[in-house]
Each structure stands twice: as structure tokens, then as C-alpha cells.
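Values in this text are rule-based calculations from the coordinates and carry no lab data. All values derive from a computational prediction rather than experimental measurement. So basically every Cβ, Gly included, is an ideal-geometry build from the backbone, and we count neighbours across all protein chains shown.
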Amino acid sequence: MKTCKEMANIWNVTERTVTTFCNSGKIPGAVKMGKIWQIPDNAEKPIDGRISSGKYRKNPVPEEKKLLPVGISDYVRAQSEYYYVDKTLLIKEFLDRKPLVSLFTRPRRFGKTLNMDMLRVFFELSDNDTSIYFKDKAIWNCGETYRSHQGKYPVVFLTFKDVKFDSWDMTFAKISELLQEEFGRHKELCESNRLESYELDYFKKILHGQANEVELSSSLQRLSKMLTRYYNRAPIIIIDEYDTPIQEGYSKDFYDEIIGFMRNFFSGAFKDNRNLSYGFLTGIFRVAQESIFSGLNNLTVNSVMDEEYDRFFGFTSSEVHEMLHYYGISDKEAELKDWYDGYLFGNEEIYNPWSVINYISKGCVPQAYWVNTGKNEILEDVLKMAADDMIERLYALLQGERVIARIDQNVVYRSLSEEPGNIYSLLLVAGYLRILKKELQADGSYLCEVFIPNREIAAVYKSEILSHLLQIGAITRTTANKIAESLYANDLNKLQKAIAEFMDKSVSFYDAGSEGFYHGLMLGLTALVDHQYKIRSNRESGDGRYDISLFPREKKYPGIIMELKWKKGLSADTLEALAKEALIQMDSRRYDSEMRKEGIGNILKLGIAFSGKEVRIEAG
């Protein structure tokens, strides 16, 4: 066996090209040992459409390119009709490890449902030959040990990704409907003489939608028992997006009902169930504090922090590189990386697959595609509950800074009100942050250095912050536009009127009473012009630390430095004097030193004084 580097020398290609061949299953017999691919000595170089000069070969007749699978989570359809990124080696890695019950937690739209459907098609018994969907995939080259599992198990498959309702009654009705459909997929049991009459009665009750909450909570346990008896082999149970109805229960006030049901539902399926070959669950969070998985000591959790399975959810760099080559747009790789790369799952650099697919499908126009796939409830909750210092750190993240945070992977929404520091844990597992460095703590949590992964997520933060201010009535769209325009045009009168208008409405909603409060508000407002300015906060410059600085992205704009002051109960005259005091402080402590070192000659200094709803701005 040889390494990628050794084969690269033999085949006269780059090591990266050989790695791409391995990841895409183009080298029969290639096996990944840990992080290193091992390639058979007699392996032949795959044909990849390149010539030795490094230029792509142009075919005489243009090749008709496959469409990208936007919104397709059906494995059979995705791999046959669309461009499919081969993730079938997930099956090999699973069979090598053989955990009884696996929980994969990843952000939404990172391929969880498609991967679970792939597992279903691979393992499930069928009257049709389903091996045809894998014979040209990487898993088929791994040998008979793995092929022998194909099509050998009864499978129970449920996806809760669309269980999003406003009440427990509607949620229960939908879960009942999903189980009704899944029992219908196994209606061969109705014809069985291996089942007891009471089991058949129960089966038909589910099939006809007549089961009550207690009966439904044991449905997976009872179905697995019936399938085992019928097929003489225990089934595989797959639950996709298991936590979606739990999140809805939290936000729609039926949390206790959904937790109570799910505790019994999952316990019957996965805890001490002798009639289970393997279990798979996916979700965004590991909901542990509510004891849904209480006593489930056979559960193996794989999260964004873990190295196992790290390359199977989302696209790796080599997969994106190959995709861009296929569509003839390799020149877009840098832009794609800037917008949609930056996630770190285990030790693997990962791209957002939903955004990559949409970017290419829509003519390579960079925008925040991910934000349009659903509500960003997590950021909404964060903004509602975050204190002044937390808001300031969120704005610091928005400006590209790094923040030290404690990450506990077991947190859930409800813990936000109990421990605000859990905000970062939620943002990380939901896909809004990336870890740069991590250090394991004695209690199992991690101390991490985190930052926003890419331009798309920065756009999400910005839109949600503004959306939050609009939603609570603290700022109107007209006011927001006035503030952005006045900063852009350096119109101080317009800026003062716009901020005064903003303050008049916002103080009714916020507990104004500290300089940190006003600092947070101004950071939020200046974020409206971050396409023209790089915004920095509380940085050392000269002989002190300024409050906010706006560094222009183009020379035609001036640099702006803001120093904020606050006192209660000031008159108009004393408020003006306080604003002038802020100007004097900027000059005396040379807050403009940092800008001048970066070659910015045109600098506008703003002394901004607040007192309740009143604001005064002095320029220098």
C-alpha cells in the first residue's frame, strides 16, 4: 500500500489530486486509515480530464452537465439525476466502528437528511435490487465485508424536519401521521402468521390513525419487535431531525408535553431494545438535560467538535474543488471560499453545502442563501436575552474579532435564561460560529476561541440584528436608512436627528442606564454601514482606548472615531458640554494614532453624549 504523496510522484500529479481521487471513490481498494489514505500498489491512475500542462481538456462536443440537487434529500434521485457528492464512505466508517446507537448533530441544511436516506437505501431489505445505486460509489470498492450488509435489514425511517406547528395537539397529529405512513411501508406484517392477534390489532390501530398518546409513544419499540419476528433480523431505526419538534415546543410553549412524549418514544426504541440492530439519529442539538436519553448508555454522540465522521456532513475543500472543475468555474474558488467556507468539523475544513449548491446553480452570485432556508430562532433568542456586555461581544464578532467562550455541547434553548454564557454553545452547534482553538475542561466543556466563519454568516448576523431592532419597534426602516445615509455623507445634523429618533423609541424597550448600553446601540447602528467601513470597538490607540472607530474600506471615505459619554438628568447645555468633553478626550489621548499609522489622513471625530432619550453630537 502507498500514501497519496507516493502515488502522486508515480502518477506525476499533485498530492491534492490523488486525495481528491480517493475522496470521490475513483481508486478501487483505497482505504482511509485514520487521516491517511492507503492506496493499493497496483492501482491505476483514474482518468480525470486533465492533461500534463495542468489545463483542462476541452471535449469536441460540449458535455451536458448534471443539475445540482437543490433541496433534494432523496438519495436514489440525487445520485442518479443530479451531481452527487459521494458520501457513501460514511457507511464504511460506521461499519468499522459499529456503535449501537449514533446521534449526529450538525447545523441545518448540512446534508443530514440525504445521508440518512442513503443509509436507509443501503441497508434496507427490498424486492428490488438496490445495489445498483451503490456499485459506482466509493463504498462498493471497499470489499465484500461492507457489500454483504447491503439490502439485508428491515429499516424504520422517520424524519421530523417538517414537524413545525404551534400547538402540542397539531404536533402530535403530525407525528401520528408520520408513524401511520411508516407502518404502512411495512404493511406486509398484516399478512403475517408470525404475529400475535393483539400485535396485529395494535398495528392496524396505528395504520388507521386511531392510537392515543400512550400507545403511540411505544410504537417504535413494538414495531421493531414485530419486524424482528417477521424477518428474523432486528431492524435499523433512523430518526432524522429528532429535535425539530422539541425546538418548536420550546418556542410555542408546549415544551413539557413534547419532552414527556419523546422521552418514552426514544426510550422504547433505543434503550435496552433487544430488537434493534442499529439506531441513527440526527439533529442540531443534543438534548440531554431533559433526560430524553436518560440511561441510554449505548448512545454515541458525534458533534461538530468530534473528528469521527467529520468529512461526511457538508462539503470538503477537495469536493468543492472537483465540483467547480466539473462546471468549468474553477476561477470562482476564492470567492466561494470567502463566502461559504470556514466551518471546522473535527479537524476537517467544511463548506456549507446548501450555499455552495445555490451559489453555483444561480450563476455564481454570492449572497446569504442559508439565511433564507428558515427562521434563525437562535439568533432571535440570543438578542432577546443577551445583556449589554454580551451584545457588545456579538458586535465584536461581527467585526471579525475573536471571542473567548466556554462551549458546552449539552445545552438547550431553555438554558439561555439560566446561564447567558450558553449563547456561544448554541451559536456554535447551530452553525453561526467556528472554533479556532479549544481546550478541554475538567467538567467536559471546552474553553474556545471562536469567530464568525465566513461572509455569509456575517450577513446573517447583521440582518438579524437589524431585524431584531425593527421587530421590537426600537427602530424603523426609515430611521435605519437615515443613520446609514448620514454616516455615509458625514451629515452631522441628519445623524443627530436620526439617533435622537432612534433613542426616543428604543429607551421604551431597553433599560438605558449605562455607557455600555449606549455603546451597544451605537455598535448596532454603525453595523449598517459595514460595507463601507471596518468597525472596531474598544481598541488601544495613542494613550488610551477609543469607544468605536470606523476604518474606511475605500480612500474616498473619511475615518470616523466616536467617543461616547453618558450621565443622567442633564440639561441641553450640560449635554453639549459633555459631548465637547468627549472631543477633548479624543485629542488629548491621541485616539487617531491607529488610523494615521494606517495612512488615513481625513479623520472625523465625533463626541456623542447621551442622557436618557437625549443625544448631542459634537464634531472635531
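In terms of Cα atoms, the Rg and Dmax of segment 163-240 work out to 12.9, 42 Å. Pop the C-beta distance of Asp331 and Ser251 into the FRET formula with R0 = 60 Å and round what comes out to the nearest 0.05. Calculated value: 0.90. Summarising the amide proton neighbourhood of Arg311: residues at separation of 5 or more, or on other chains, whose placed amide H is nearer than 5 Å comprise an empty set. Calculate, in whole percent, how much of the Cα-Cα pair population of segment 171-328 lies beyond 18 Å. Percentage above 18 Å: 65.
So what are segment 68-144's ellipsoid semi-axes, whole angstrom, largest first, if each one is the square root of 5 times an eigenvalue of the alpha-carbon gyration tensor?
19, 18, 12
Phi angles across segment 547-558 convert, under the Karplus curve 6.51 cos²θ - 1.76 cosθ + 1.60 with θ = phi - 60°, into 3J(HN,Hα) values of 7, 9, 10, 10, 8, x, 7, 10, 5, 5, 9, x Hz, Gly and Pro given as x.
Each residue, Lys205 and Lys556, gets one label point 7 Å from its Cα in the Cβ direction; the gap between the two is 7.4 nm. Among the listed pairs Lys534/Lys605; Lys497/Lys565; Lys5/Lys92; Lys494/Lys613, which have their C-alpha atoms separated by more than 20 angstrom in this model? Too far apart for the 20 Å limit: Lys5/Lys92. With only Cα atoms counted, segment 555-620 has Rg and Dmax values of 13.0, 40 Å. Applying the Karplus relation 6.51 cos²θ - 1.76 cosθ + 1.60 with θ = phi - 60° to segment 490-495 yields 3J(HN,Hα) values of 6, 8, 5, 4, 5, 5 Hz, where x marks Gly and Pro.
Taking 17 Å as the straight-line reach from the Cα of Lys252, the lysines in range (excluding those fewer than 8 positions away in the same chain) are Lys161, Lys164, Lys174, Lys375, Lys384. Quick one: pull the percentage of alpha-carbon pairs in segment 247-374 with a separation above 24 Å. Of all Cα-Cα pairs in segment 247-374, 49 percent lie more than 24 Å apart.
Regarding segment 93-179, what whole-number volume in Å³ per residue does the convex hull of its Cα atoms give?
Here the figure is 134 Å³ per residue.
Annotation: extensible slack from Lys437 through Asp587 equals 50.2 nm (criterion: 0.36 nm per residue apart, minus Cα-Cα distance). Working note: Karplus 6.51/-1.76/1.60 with θ = phi - 60° gives segment 208-213 the couplings 9, x, 10, 7, 8, 4 Hz, where Gly and Pro are set to x.
Which FRET efficiency, nearest 0.05, do Ser126 and Arg229 yield, Cβ-Cβ r, R0 22 Å?
Efficiency, rounded to the nearest 0.05: 0.65.
Here the Kirkwood formula puts the hydrodynamic radius of segment 151-191 at 11.7 Å, using every distinct Cα pair. Close amide H partners of Leu103, meaning residues 5 or more places away or on another chain with modelled amide H under 5 Å apart, are Leu281, Thr300, Val301, Asn302.
Within the same chain, lysines fewer than 8 places from Lys187 are excluded, and of the rest, those with a Cα less than 17 Å from its Cα are Lys204, Lys205, Lys225.
Express in nm, to one decimal, how much length is gained between Ile404 and Asp96 on full extension, taking 0.36 nm for each residue of separation and deducting their alpha carbon distance. So the chain would gain 107.3 nm between Ile404 and Asp96.
In terms of Cα to Cα distance under 16 Å, which lysines are near enough to Lys66, apart from those fewer than 8 places away along the same chain? Straight-line reach from Lys66, under 16 Å: Lys362.
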